[in-house]
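Worksheet for the structure shown next.
The values are calculated or read from the model by the stated rules, or taken from the named source; none is laboratory data. Owing to the predicted nature of the structure, the values given are computational and were not obtained by experimental measurement. All Cβ positions, glycine included, derive from the backbone under ideal geometry; neighbour counts span all protein chains shown. Just so you know, the surface numbers come from the protein's heavy atoms only, side chains and all, with ligands and any DNA or RNA stripped out. Shrake-Rupley method; radii C 1.70, N 1.55, O 1.52, S 1.80 Å.
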Amino acid sequence: MSYTPPVDAEETAFLTITPLGVGATFDSSVIDVDGFSQVQTEILASHDGTISIIFCADLACTDVIRSLSIPYTASGGYQFFSAPAFANYIKYSFENTSG
């Protein structure tokens, strides 16, 4: 029999309530998800926009493994997305495309 150490179930990466003007973009810091098997993204915004998720092999986020671009419609309300953790580092952004 082998010992399996406990695995973290959750780590909150970022949360913002700062108003974002039309055409402006919010960028997260690079998030280290080493040891996690999946990531989830939850969004509720008052304006339409585009969510970008970049999976990187390095902390500087210059070696991009995969990227996702997801349109967000404010009238759709709260949305939840989940994906495998394709790499150890992730960066998020949200661009306000309304107006």
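Annotations for the structure displayed:
- Residue among T73, T18, T50 with the largest mean-square fluctuation in a Gaussian network model of the chain, springs linking Cα atoms under 10 Å: T18
- Looking at region 9-99, the chymotrypsin sites (Phe, Trp or Tyr not before Pro) that sit in a DSSP loop and have at most 13 other Cβ atoms within 10 Å of their own Cβ are F14, Y78.
- Backbone phi angles across region 69-82, fed through the Karplus curve with coefficients 6.51, -1.76 and 1.60 (θ = phi - 60°), yield HN-Hα couplings of 10, 10, x, 10, 10, 4, 5, x, x, 4, 10, 10, 10, 9 Hz in residue order; Gly and Pro are listed as x.
- With all protein chains modelled, accessible area of T62 [1.4 Å, Å²]: 110
- Cα-based equivalent ellipsoid, region 13-62: semi-axes from gyration tensor eigenvalues, Å: 23, 13, 10
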